[in-house]
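Below is one structure, written out as structure tokens; comments come after it.
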Amino acid sequence: MNAQRTLRRSISCVGIGLHSGKRVTLSIRPASAGAGIRFRRADLGGLEVPATVQHVGGINYATGLTRDAVHIDTVEHLLSALVSLGIDNVLVELNSPEVPIMDGSAAPFVYLIHEAGVKTQSAPRRYLKILRPITMTRGDKRISLYPSDHFKVTYSIAYDHPLLRHQSRTIRLSEDAFVDEIAPARTFTFLKEVEMLRQQGLALGGSLENAIVVGDTGILNNALRFDDEFVRHKILDVIGDMALVGHPVIGHLVAHRGGHALHTAFAAQVLEESDAWTLVEAPSQPQRGDVAAAVAIKESV
Ligand SMILES: [Zn+2]
């Protein structure tokens, strides 16, 4: 059995919201087994929003969660770090509507989680193991999950720009692989989009400190962290968005030209196609010989 995990202690940081430009304090607190990842707006009387597809609302260049009058924006990079480091249960508290962008990657959140330390809990973790392919296509965008013994992601992107016409990468996720290969990859935008975003009241906190900005002839930042930092960031994003299914996924996720709207719609589709997966207590747990137990686990969710 792999046990659920939370943080050993609470930890906080201060940053700014990418889109709002507002200063925000983020605190991540331990939570009991089975609680899942939940967000709380301290400035709104402590109302909570679980990080699940049922509460997705407001996809505008970032993934938002909404419940009643409470909205939390730009949750994906923090969720990506939490699930990739095997954190099942935490309460994330904010005093503003947006998770701070930090440096545009998940590396600062990895640092926070490592600083807080990890505590193993007594309840078993349940993985969502893919049994048959699930696919969603929207125009030239496509995302699928296939059966696999491990969580793997293959992502490909294609833009009409000389710097990143095509990038593709496959990674088998582990805590170390995420920390070394994916977490440092920063979000990116095109210079010609920045003005449009600003006119919509978005990206007000954006700068070369928290995003790669791609101009017509090159990047405006000093250097990339990886030659293919762009596709690595898309992998970071899709891991965070898929966290909204509420369980670590055991399967091979393959995406082409996706974005937050497609990722989160797909996460909802996965939960709807409940004959395409089962919940197991270990990634390698055999299925066929123990259908009754698997069904019992699923029904108890
Ligand atoms: Zn992102």
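The values are calculated or read from the model by the stated rules, or taken from the named source; none is laboratory data. On a predicted model such as this, the values are computed, not experimentally measured, just so you know. All Cβ positions, even for glycine, are placed from backbone atoms using ideal geometry, and neighbour counts span all protein chains on display. The accessibility values were calculated without ligands, DNA or RNA, using every heavy atom of the protein model including side chains. Shrake-Rupley method; radii C 1.70, N 1.55, O 1.52, S 1.80 Å.
Odds and ends about this structure:
- For the chain: relative contact order, % (alpha-carbon pairs under 8 angstrom, 6 or more apart): 25 percent
- Shape category assigned to the stretch 1-92 from the gyration tensor of Cα positions, a/c cut at 1.5: prolate
- Label point distance in nm, residue 227-residue 198, each placed 7 Å from Cα along Cα→Cβ: 3.4 nm
- Oblate is the label for the stretch 42-152, because a/c, from the alpha-carbon gyration tensor with a ≥ b ≥ c as root eigenvalues, is 1.5 or above and a/b does not exceed b/c.
- In order along the stretch 81-87, the phi-based Karplus estimate (6.51 cos²θ - 1.76 cosθ + 1.60, θ = phi - 60°) of 3J(HN,Hα) comes to 5, 4, 5, 6, 9, x, 9 Hz; Gly and Pro are listed as x.
- The amide H of residue 205, built 1.01 Å from its N in the peptide plane, has 19, 20, 21 as neighbours under 5 Å, considering only residues 5 or more places off or on other chains.
- With DNA, RNA and ligands ignored, accessible area of residue 170 (1.4 Å probe; Å², nearest 10): 80 Å²
- Table column - 3J(HN,Hα) (Hz), the stretch 155-167, Karplus curve with 6.51, -1.76, 1.60, x for Gly and Pro: 10, 9, 10, 8, 10, 8, 8, x, 6, 9, 4, 8, 9
- Neighbourhood net charge (11 Å Cβ-Cβ; Lys/Arg +1, Asp/Glu -1) for residue 117: +3
- Counting 0.36 nm for each residue step from residue 160 to residue 208 and taking away their Cα separation leaves a gain of 15.1 nm.
- Within the chain, percent of DSSP bridges classed antiparallel, to nearest 5: 75 percent
- Under 5 Å between amide hydrogens, built in the peptide plane, is the criterion, and for residue 47 it picks out 41 among residues at least 5 positions away or on other chains.
- The relative contact order of the stretch 39-96, computed from alpha carbon pairs under 8 Å that lie at least 6 residues apart in sequence, is 39 percent.
- In this structure, the amide hydrogen of residue 252, modeled 1.01 Å from its nitrogen in the peptide plane, lies closer than 5 angstrom to those of 146, 148, 152, counting only residues at least 5 positions away or on a different chain.
- Residues of the stretch 74-108 with amide N under 15 Å of a point placed 7 Å along Cα→Cβ from residue 43: 74, 93-101
- The orientation-averaged projection of the convex hull spanning the C-alpha atoms of the chain amounts to 14.9 square nanometres.
- With R₀ set to 41 Å, the beta-carbon distance separating residue 103 from residue 275 gives a calculated FRET efficiency near 0.50.
- 222 nm mean residue ellipticity, helices alone, for the chain (DSSP H n ≥ 4; -39,500 (n - 2.57); rounded to 500): -6500 deg cm²/dmol
- Residues in the stretch 103-109 carry Karplus couplings, in order, of 9, x, 10, 9, 4, x, 6 Hz; the curve used is 6.51 cos²θ - 1.76 cosθ + 1.60 with θ = phi - 60°, and Gly or Pro positions show x.
- Only protein heavy atoms count here; on that basis, with a 1.4 Å probe, residue 169 has an accessible area of about 70 Å².
- Computed about the Cα centre, the dipole magnitude for the stretch 115-168 is approximately 280 debye when only Lys and Arg (+1) and Asp and Glu (-1) carry charge, each at its Cβ.
- Highest to lowest packing among 78-87, 156-165, 139-148, 235-244, scored as the average C-beta count within 10 Å: 235-244, 78-87, 139-148, 156-165
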